[in-house]
1. Considering (1) touching a residue at least 40 places away in the same chain (Cβ under 8 Å); (2) among the aromatic types (Phe, Trp, Tyr); (3) farther than 18 Å from residue 104 by Cβ, say which one residue 40 fails and leave the rest.
2. Name, by its number, the condition in (1) open to solvent by 70 Å² or more (accessible area, probe 1.4 Å); (2) at pLDDT 85 or above; (3) assigned to a helix (DSSP H, G or I) that does not hold for residue 43.
3. Residue by residue through segment 65-121, note down the ones that are in contact with an Asp or Glu (Cβ under 7 Å, 6 or more places away or on another chain) and without any contact (Cβ under 8 Å) to a residue 40 or more places away in the chain.
4. Among the residues of segment 40-57, which ones are of a type in the set (Asp, Glu) and touching a Leu at 6+ places or on another chain (Cβ under 9 Å)?
5. Of the conditions (1) more than 16 Å from residue 104 (Cα to Cα); (2) of a type outside the set (Ser, Thr, Tyr); (3) buried (at least 18 other Cβ atoms within 10 Å of the Cβ), residue 61 fails just one. Which one is it?
6. Just for segment 16-40: of the residues that are buried (at least 16 other Cβ atoms within 10 Å of the Cβ) and among the aromatic types (Phe, Trp, Tyr), which one is nearest to residue 73 (Cα to Cα)?
7. Could you figure out which of (1) open to solvent by 30 Å² or more (accessible area, probe 1.4 Å); (2) among the hydrophobic types (A, V, I, L, M, F, W, C); (3) part of a helix (DSSP H, G or I) isn't true of residue 93?
8. Which of the following residues is at pLDDT below 90 and of a type in the set (Gly, Ala, Ser): 2, 68?
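The values are calculated or read from the model by the stated rules, or taken from the named source; none is laboratory data. Note that the structure is a prediction, hence the values are computed from the model and not measured. Counting neighbours? That spans all protein chains shown, and the Cβs are built from the backbone with ideal geometry, glycine included. Only protein heavy atoms, including side chains, enter the accessible area calculation; ligands, DNA and RNA are left aside. Shrake-Rupley method; radii C 1.70, N 1.55, O 1.52, S 1.80 Å.
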Amino acid sequence: MSDITVNDFTYLQQYADFISKEEFWNDVILQLNKDLNKEFAINIPHSDLKGERAAELVVNALMKYLPSITPELSEVLYRIDVSEQQVNAFKELPTDIYYRCLGELIVKRIVLKVITRKMYSAKKIE
C-alpha cells in the first residue's frame, strides 16, 4: 500500500466501476464499522455515497471518531491491517492532521479489502 497524500483520492480512479456504486460504499462502511468493533461508528446517509466524495465523507467521519478510541487505536489498526510503521510516519504531525492522515490511510486499506473481496467472490456489484 503506497504512502498517503492528504486530500488525494486519485488512487480510487482505477476502481471507478466500484466506487461509482452506492452498494460498494455501504460495504466499505460495514467493513469499517466491523473493524472498529462498533456497529454504527461511521454512519453516512446512503444518498451521499458515490465516487470520491464518498471517500471524503468517510474520512471526515473517521477523523471525528478516531480521537474517541485513542486507547484502543493500536488494536483497531492491527485489525484493519495498518502497519505501525505507516502510523509512526504521522506521529509528529499536529493532532488534527494526524487524525486526517490516519483516516485516509484506514479508508484506503478498507477500500482495498472490499475490492479484493468482491473481485475474488461470486458476489457482483450491480
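1. With (1) touching a residue at least 40 places away in the same chain (Cβ under 8 Å); (2) among the aromatic types (Phe, Trp, Tyr); (3) farther than 18 Å from residue 104 by Cβ applied to residue 40, the lone miss is (1).
2. Every condition holds for residue 43 apart from (3).
3. If the condition is that a residue be in contact with an Asp or Glu (Cβ under 7 Å, 6 or more places away or on another chain) and without any contact (Cβ under 8 Å) to a residue 40 or more places away in the chain, then no residue fits.
4. 48, 52
5. So residue 61 meets the others, but not (1).
6. Restricting to residues being buried (at least 16 other Cβ atoms within 10 Å of the Cβ) and among the aromatic types (Phe, Trp, Tyr), the top hit is 25.
7. (3)
8. On inspection, the qualifying residue turns out to be 2.
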